[in-house]
Structures are given as C-alpha cells and as structure tokens.
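One structure is given below, encoded as structure tokens.
The values are calculated or read from the model by the stated rules, or taken from the named source; none is laboratory data. The structure displayed is predicted, hence computed values, not measured ones. Here the Cβ positions follow ideal geometry from the backbone for every residue, glycine too, while neighbour counts run over all protein chains shown. Side chains are part of the model used for accessible areas, which takes the heavy atoms of the whole protein and leaves out ligands, DNA and RNA. Shrake-Rupley method; radii C 1.70, N 1.55, O 1.52, S 1.80 Å.
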Amino acid sequence: GPALVGRAFWPLLQESAKADGRVLPTMVNISARVGSIEDNGLGGWYSYRSSKSALNQLTKTMSLEFARKNPRVAAVALHPGTNDTDLSKPFQRNVPEGKLFTKEFGVRRMLEVIDSLREQDNG
C-alpha cells in the first residue's frame with residue numbers, strides 16, 4: 001500500500017523539489033488519532049488501530065529517509081478528524097458536539113494544512 005506508493009512516487013517528488021522551490025513536495029498519508037499508542041485510553045478496534053499505527057511508523061520512517069536523501073521532500077500523516085461517513089456512523093453518538101465534521105470540511109482543512117507545510121514539518 002503506502003510503502004509501494006512512496007517508492008513509486010519518490011522520483012516524482014525529487015523532480016518536483018528541483019522544479020519549484022515554493023512548493024514542498026510531500027507524501028501525505030491519511031491516518032487517525034486511534035493510531036496513536038500514547039493516546040490509546042479505550043482499547044478496542046484492534047485491526048484499525050494497528051493499521052493506523054503501522055501507517056504512522058511508516059510515515060515517520062519515510063520522513064527520515066526523505067530528509068537524508070533530499071531535505072526538500074517531506075512525509076506527513078494527517079488526521080482529518082471524525083467525519084460523517086459510513087465508517088463513523090456506528091460511533092457518532094460518542095463524538096462530542098462540534099467534533100463531527102462533514103467530509104468537505106475535513107478535506108478543506110487537510111488541504112490548508114498541506115499548503116502550509118514547511119521543511120521543518122517533515123515527519
């Protein structure tokens with residue numbers, strides 16, 4: 001999955017870094033807060049938690065490799081918040097008021113974050 005995409009996109013990210021100094025070429029992985037080991041206070045969701053935790057580790061490893069090979073290329077993991085999707089439907093009753101977002105809002109916010117990334121945000 002994401003590791004193969006990273007490998008395939010690496011040459012394109014490098015070329016982009018050379019072409020336009022105003023843009024930070026970035027491998028963006030969509031993660032989730034439940035992938036945090038430190039933040040896991042509830043347990044459960046074994047498969048989803050472990051897959052997101054693995055994605056976070058992969059993203060961190062990519063960021064270190066990218067920095068070593070080309071400091072003008074980054075890797076980040078973003079958590080879009082809890083969005084109103086089929087995946088979240090069974091759990092929405094536990095989401096605090098004001099913390100359930102539309103998919104469109106989640107995408108807009110992630111694009112704003114991506115557009116504001118700088119080299120020091122790598123990882």
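So the values come out like this:
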{"item": "Hz values of 3J(HN,Hα) by residue in the stretch 58-63 - Karplus curve (6.51, -1.76, 1.60), Gly and Pro given as x", "result": "4, 4, 4, 4, 4, 4"}
{"item": "Whole-Hz couplings from phi, Karplus 6.51/-1.76/1.60, listed for the stretch 15-29; x for Gly and Pro", "result": "4, 5, 5, 6, 7, 9, x, 7, 10, 9, x, 9, 8, 10, 10"}
{"item": "Tyr46-Ile30 pseudo-label distance in nm [points 7 Å out on the Cα-to-Cβ vector]", "result": "2.6"}
{"item": "Three-way shape label, the chain, alpha-carbon gyration tensor, a/c 1.5", "result": "prolate"}
{"item": "Between the stretch 86-117 and the stretch 34-63, the alpha-carbon center distance in angstrom", "result": "18"}
{"item": "Total charge dipole magnitude, the stretch 14-80, about the Cα centre, Cβ charges on Lys, Arg, Asp, Glu only, Debye to nearest 20", "result": "120"}
{"item": "Asn122 long-range amide H proximity, modeled H, under 5 Å", "result": "none"}
{"item": "Among the listed pairs Lys18/Lys52; Lys60/Lys99; Lys18/Lys99, those beyond 29 Å (Cα-Cα)", "result": "Lys18/Lys52; Lys18/Lys99"}
{"item": "Charged-residue dipole, Cβ positions (Lys, Arg, Asp, Glu), the chain about Cα centre, Debye nearest 20", "result": "180"}
{"item": "Residues with amide H under 5 Å from that of Thr26, placed H, sequence gap 5 or more", "result": "Ala74"}
{"item": "Fraction of accessible area attributable to carbon and sulfur, the chain (%, probe 1.4 Å)", "result": "57"}
{"item": "Residues with amide H under 5 Å from that of Phe101, placed H, sequence gap 5 or more", "result": "Thr82, Asn83, Asp84"}
{"item": "1.4 Å probe accessible area per residue over the chain, in Å²", "result": "68"}
